[in-house]
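The values are calculated or read from the model by the stated rules, or taken from the named source; none is laboratory data. What you see is a predicted model, and the numbers here were worked out from it, not measured in a lab. So basically every Cβ, Gly included, is an ideal-geometry build from the backbone, and we count neighbours across all protein chains shown. Heavy atoms of the whole protein, side chains included, go into the accessibility calculation; ligands, DNA and RNA do not. Shrake-Rupley method; radii C 1.70, N 1.55, O 1.52, S 1.80 Å.
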Amino acid sequence: MKLLDIFGTLKKDMNVIERQLSQSIDSEHPLLNETSLHLLKAGGKRLRPAFVLLGGKYGTYDLDRLSNVAVALELIHMASLVHDDVIDDADTRRGQPTVKSKWDNRIAMYTGDYIYAKALMIVARLENPQIHQVLSKAMVQMSIGEMEQIRDFFNTGQSIRRYLLRIRRKTALLIAISCQLGGIAANAPKEITRELYRYGYNVGMAFQIRDDVLDLCGTEKQLGKPPGSDLRQGNITIPVLYALQDESRREPLLAEITRIHNANGETDVTTAVRMVRESKGIQEAELLADRYIQKAMHALSQLPAGRTQKHLQEIAKFVANRSH
């Protein structure tokens with residue numbers, strides 16, 4: 001089963017969410033309207049809304065309630081991408097110009113702020129205080145994760161543990177609470193929402209690690225941006241950290257990263273990318289991602305068997321094997 005097949009079972013409800021996403025960021029201000037719709041039109045996997053809907057299957061499934069959560073979480077994800085592109089000085093995303101490259105950094109930052117505010121307005125329709133508590137804590141952690149990434153640009157001495165804590169905050173938490181809040185919004189039992197969170201957290205960790213691997217191994221067509229973009233921006237990811245543990249490759253790779261740093265990112269990273277590819281860094285990172293997928297599968301085994309459990313298993317497999 002492919003990811004599109006899974007979404008096919010949710011197609012009607014996902015279409016509702018897609019329309020609500022467009023409506024939610026509609027603005028009377030022409031420029032703000034244009035910039036807000038720019039990333040939305042570029043598409044995306046819509047994993048987070050799908051996780052919300054699937055989590056809702058474990059309780060009283062109510063699309064009106066679930067869509068408020070799903071739309072809010074996808075908007076938060078979109079806003080974080082707009083801000084990320086400013087921090088990373090990225091010119092393309094999903095093969096399209098970023099908001100910051102098509103307009104400028106100031107417009108991008110205000111667009112991100114606007115989308116965040118819209119997300120909070122939508123989720124405010126729900127009266128369950130637990131939903132607001134979970135969401136606000138996650139947003140705080142995401143902000144800390146962003147600050148940590150900036151702090152660690154070109155930091156080749158960071159530990160694996162430090163990297164994992166950063167991606168937990170930057171990526172895994174939002175996926176984890178997408179699963180969890182779907183269950184909470186549907187009034188699923190606490191033991192169910194706990195396992196949904198564990199599943200989402202581990203899938204989220206694997207998702208980011210695979211993303212870091214793809215940045216080094218994928219093609220520009222697959223990625224929608226040039227390979228090695230993370231290295232060029234100074235983001236030292238897990239395959240690079242593993243490659244640096246190889247004593248025979250450490251010094252040449254460090255020298256190449258220093259050269260990239262001194263060039264302020266305006267240089268070719270092909271040699272550094274090749275060095276990481278030729279090391280055990282890619283293999284070690286993939287093995288780590290697989291371990292997180294196994295943990296996600298274990299969390300799923302604690303949930304009631306059925307169609308929803310199978311769909312969540314298929315999404316985990318997609319994340320483990322994705323090529324874009």
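Taking a point 7 Å from the Cα of Leu287 along the Cα-to-Cβ direction, the residues of segment 238-264 with backbone N closer than 13 Å to it are 242-243, 246.
Computed over protein heavy atoms with a 1.4 Å probe, the accessible surface of segment 241-324 works out to 55 Å² per residue.
Heavy-atom accessible surface of segment 116-175, averaged per residue, reaches 51 Å², computed with a 1.4 Å probe.
Less than 5 angstrom separates the built amide H of Arg93 from those of Thr98, all sequence-distant by 5 or more or on a different chain. Using a Förster radius of 30 Å, what is the FRET efficiency between Leu63 and Lys310 based on their Cβ-Cβ separation? Nearest 0.05, please. Rounded to the nearest 0.05, the efficiency is 0.90.
Per-peptide packing, taken as the mean over residues of other Cβ atoms within 10 Å, places 274-284, 244-254 in the sequence 274-284, 244-254 from highest down. Helical content alone sets the calculated 222 nm signal of the chain at -23500 deg cm²/dmol, taking -39,500 (n - 2.57) per DSSP H segment of four or more residues and averaging over every residue. For a straight C-alpha distance cut-off of 25 angstrom, the lysines reachable from Lys100 (same-chain residues fewer than eight places away being disregarded) are Lys41, Lys45, Lys118, Lys170, Lys221, Lys225. Probe radius 1.4 Å, ligands and nucleic acids ignored: give me the carbon and sulfur share of the accessible area of the chain as a rounded percent. Using a 1.4 Å probe with all protein chains present, the chain comes out at 50 percent carbon and sulfur. Structural size metrics of the chain, computed from C-alpha coordinates, are Rg and Dmax of 19.6, 59 Å.
Using only Cα atoms, find the angle between the long axis of helix 190-217 and the longest principal axis of the chain, and express it within 0 to 90 degrees, rounded to the nearest 10. Value to nearest ten degrees: 30.
Remark: segment 237-242, residue by residue, has Karplus-estimated 3J(HN,Hα) of 9, 4, x, 5, 4, 5 Hz, where x stands for each Gly or Pro and the curve is 6.51 cos²θ - 1.76 cosθ + 1.60 at θ = phi - 60°. Remark on Ala188: its backbone amide H falls under 5 Å from those of Thr60, a criterion applied only to residues 5 or more positions apart or on other chains, H modelled at 1.01 Å from N. Relative to the longest principal axis of the Cα atoms of the chain, helix 105-123 runs at roughly 30 degrees. Classify segment 36-184 as rounded, prolate or oblate from the Cα gyration tensor: take a ≥ b ≥ c as the square roots of its eigenvalues, call it rounded if a/c is under 1.5, otherwise prolate when a/b beats b/c and oblate if not. Note, shape of segment 36-184 comes out oblate.
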